[in-house]
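The structure appears right after this line, and notes come after that.
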Amino acid sequence: MLRIRNLKTRLGTKTLHRNLDLDIMPGEIVGVVGGSGTGKSVLLRTVVGLYEPLRGKIEVFGQDLSELDAEARRKVEARWGVLFQDGALFSSLTVAQNIEVPLRETMALPPRLMDEIAAVKIAMVGLPADAAVKFPSELSGGMRKRAGLARALALDPPLLFLDEPTAGLDPIAAAAFDTLILDLRKSLGLTVFLVTHDLDTLRTICDRIAVLIDKRLRIGTMTELMDDPHPWIQSYFHGPRGRAALEKDHG
Amino acid sequence: MPADRALLEIDRTDEAVVLRAGGSWRIASAVDLDARLRKLDVGSARDVTIDLSGIEAMDTAGAWLVVRTKRALVAQGHEVRLVELPPAFEPLLAQVDSDALDGKPIRHPHSRFHGFAAFLNVIGLEFVKALARGRDLVGFMGLVSVVGLRTLRSPRRLRLPALISQMERTGVTALPIVGLLSFLIGIVFAYQGADQLRRFGAEIYTVNLLGIGVLRELGVLMTAIIVAGRSGSAFTAEIGAMKVNEEVDAMRTLGLDPIEVLVLPRLLALTLMLPLLVFFANFMGLLGGALMSWGALGIPIPAFLRQLQSALFGWTFWLGVMKAPFFAVIIALTGCYEGLRVSRSAESVGRLTTTAVVESLFLVILVDACFSLLFAALHI
């Protein structure tokens, strides 16, 4: 589904990734973790084509993005959804209109059906129905994030990129978000690449976890990574918060 | 994406209706399904069974069509059963069929008025808004005056570094553009004036026209317009960006008064710098005019200066420059006021920056007209 080989990226003078590899299989949910400033979001942005990698190869749906022409690229872009950290909603449009943007761009639906689909997405991400006609500036941070997710899901894309989806959500909403992702994967065969700090999300929905350390990814299931001797990984999973998240498994 | 079709068959008997759904119920086929399901008529049959066994692929759009049809039939008083749903799509259907989704149409924001009424509505709304804004601006002026007087009593509270840096940004860096534009205006003005006056053989009076025009009106007005576009907009954008970033709120919680920290240095800097800029603009305007007179009319510089001296009286220069502080206050206050009105959205920064420039230009020209009336009444 997604294949990264030998990726090298640089932001300013700082090299963020070197010889980084990652494979994501269809239907898999992979969470990327790492300390602040290690380039998790940059990795996500590079994969979706917002940053140009210095070296390396990125294949999405088996196609090398750098070799596609504009038309083919648009087709790929219609098959993934991206949620940015603060939702990145278009501020001049209401929530419903935001969700309708990808619908409008890719197919001609009757307005009534488009409104209905927008309403379905709004309900799915747990927003109240009256949020549909609100502008992004009238929403709280958590609501903006959910509206952003609704827009990312508008076309039911098979591949979803999420940048810190649960940060800033209350625990109940975060748990509902986890359930939503799992339900969607079951029905739509969704593949998810997510950047997160939320240990509960990692534990509940991620099949594999990729830890960004020393400019590369260490990939494994949570149990495998817990035995990794690297000090950062140790303090991440065995710190007080990591322990608390794991104890819920047994308790 | 496989282009397999969505299937929908309807089996009717007297007592029951069976809807057989199959194939790919995805957004790509939603238009067709939507039209057919909207027209669906099951007649008087009491039991309706929706058989979903043939569904091979389904996304939220397809799931919604199933849920919508079921709800519509239930609302008509039918007994509806969903059967044989492939287990993979159960969670999706459950997600879509939530109580939070009431199926009420989304009411997109639009005006209640149409045509000419909408036009009148807009005019009325804008007029009321303009009045309210004028009132608020006067209120803001009062607030700044109070804070300004307080700062005057304890001048140590005045932020000197901020003041100096604002003076540099609003004054010194504006010199090239103000100078160049005034110089060009001087040239244009001299040329046009000479062209008209030559018909009466009164070319020499071009100097009088230029002197009075530049010193009393053009110099100060041009400078104010340039500064409003340059610094007034910068004030709004700077303060607005700080509002978006919650910096202004952070300031308040730290016990800093945004008026004192942000508005006063800008206001004071502009009030000090604008008269100086006007002086420079006057000089450059006259220089442009003098060069033009020399080149096009053959009036040498010494003759130009003599004629200029006879045309002006002691007050002429001051009548122009004295307007500068008033314009400076208008530009700085509207710029800062609109900046502080920025909400948390970045979009409002751009909108209010435009508003600030338009407002300050309007007020500058309005006040200039008032000065003209005043001077006319005083016969100067």
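The values are calculated or read from the model by the stated rules, or taken from the named source; none is laboratory data. What you see is a predicted model; the values in this text were computed from it and never measured. Using ideal geometry, Cβ is built from the backbone for each residue, glycine included, and neighbour counts are taken over all protein chains shown.
Listed residues B:Val263, B:Val278; which is more than 30 Å from B:Glu126 (Cβ to Cβ) and either surrounded by 23 or more Cβ atoms within 10 Å (Cβ to Cβ) or outside the structural domain of B:Ala132 (by TED's automatic domain parsing) (or both)? Break it down stepwise before answering.
Values: B:Val263 fails: more than 30 Å from B:Glu126 (Cβ to Cβ).
None of the others qualify; the one that does is B:Val278.
In the set B:Leu366, B:Leu378, which member is without any contact (Cβ under 8 Å) to a residue 24 or more places away in the chain and under 26 Å from the mean Cα position of the chain (by Cα)? Lay out the reasoning, then the answer.
On the way: B:Leu378 fails: under 26 Å from the mean Cα position of the chain (by Cα).
Checking each option against the conditions leaves just B:Leu366.
Checked against (1) within 12 Å of chain B (Cβ to nearest Cβ); (2) in contact with a Cys (Cβ under 6 Å, 6 or more places away or on another chain), A:Gly31 passes all but a single condition, namely (1). In the range A:136-189, of all residues being among the basic types (Lys, Arg) and under 19 Å from A:Val95 (Cα atoms), the one that is nearest to the other protein chains (Cβ to nearest Cβ) corresponds to A:Arg144. Just a yes or no: is a residue in the range B:29-38 more than 13 Å from chain A (Cβ to nearest Cβ), surrounded by fewer than 21 Cβ atoms within 10 Å (Cβ to Cβ), out of contact with any Pro (no Cβ under 6 Å at 6 or more places or on another chain) and among the acidic types (Asp, Glu)? There is no residue in the range B:29-38 that is more than 13 Å from chain A (Cβ to nearest Cβ), surrounded by fewer than 21 Cβ atoms within 10 Å (Cβ to Cβ), out of contact with any Pro (no Cβ under 6 Å at 6 or more places or on another chain) and among the acidic types (Asp, Glu). Of the residues making up the range A:75-104, those that are in contact with a Leu (Cβ under 9 Å, 6 or more places away or on another chain), more than 10 Å from every other protein chain (Cβ to nearest Cβ) and surrounded by fewer than 17 Cβ atoms within 10 Å (Cβ to Cβ) are A:Val76, A:Val101. Scanning the range B:184-219 for residues that are among the basic types (Lys, Arg) and within 26 Å of B:Pro275 (Cβ to Cβ) returns a single hit, B:Arg216. Within the range A:105-128, restricting attention to residues that are within 9 Å of another protein chain (Cβ to nearest Cβ) and in contact with an Asp or Glu (Cβ under 6 Å, 6 or more places away or on another chain), the residue that is farthest from B:His108 (Cα to Cα) is A:Leu113. Candidates are the residues of the range B:105-121 that are assigned to a helix (DSSP H, G or I) and loosely packed, with under 11 Cβ neighbours inside 10 Å; the one that is modelled with the lowest pLDDT is B:Gly115.
The requirement of being out of contact with any strand residue (DSSP E or B) (no Cβ under 6 Å at 6 or more places or on another chain) and more than 11 Å from every other protein chain (Cβ to nearest Cβ) is fulfilled somewhere in the range B:77-95, by at least one residue.
Of everything in the range A:28-50, what is among the polar types (S, T, N, Q) and crowded, with 20+ Cβ neighbours inside 10 Å? Give them in sequence order.
Filtering the range A:28-50 down to residues among the polar types (S, T, N, Q) leaves A:36, A:38, A:41, A:46.
The one that is among the polar types (S, T, N, Q) and crowded, with 20+ Cβ neighbours inside 10 Å: A:Thr46.
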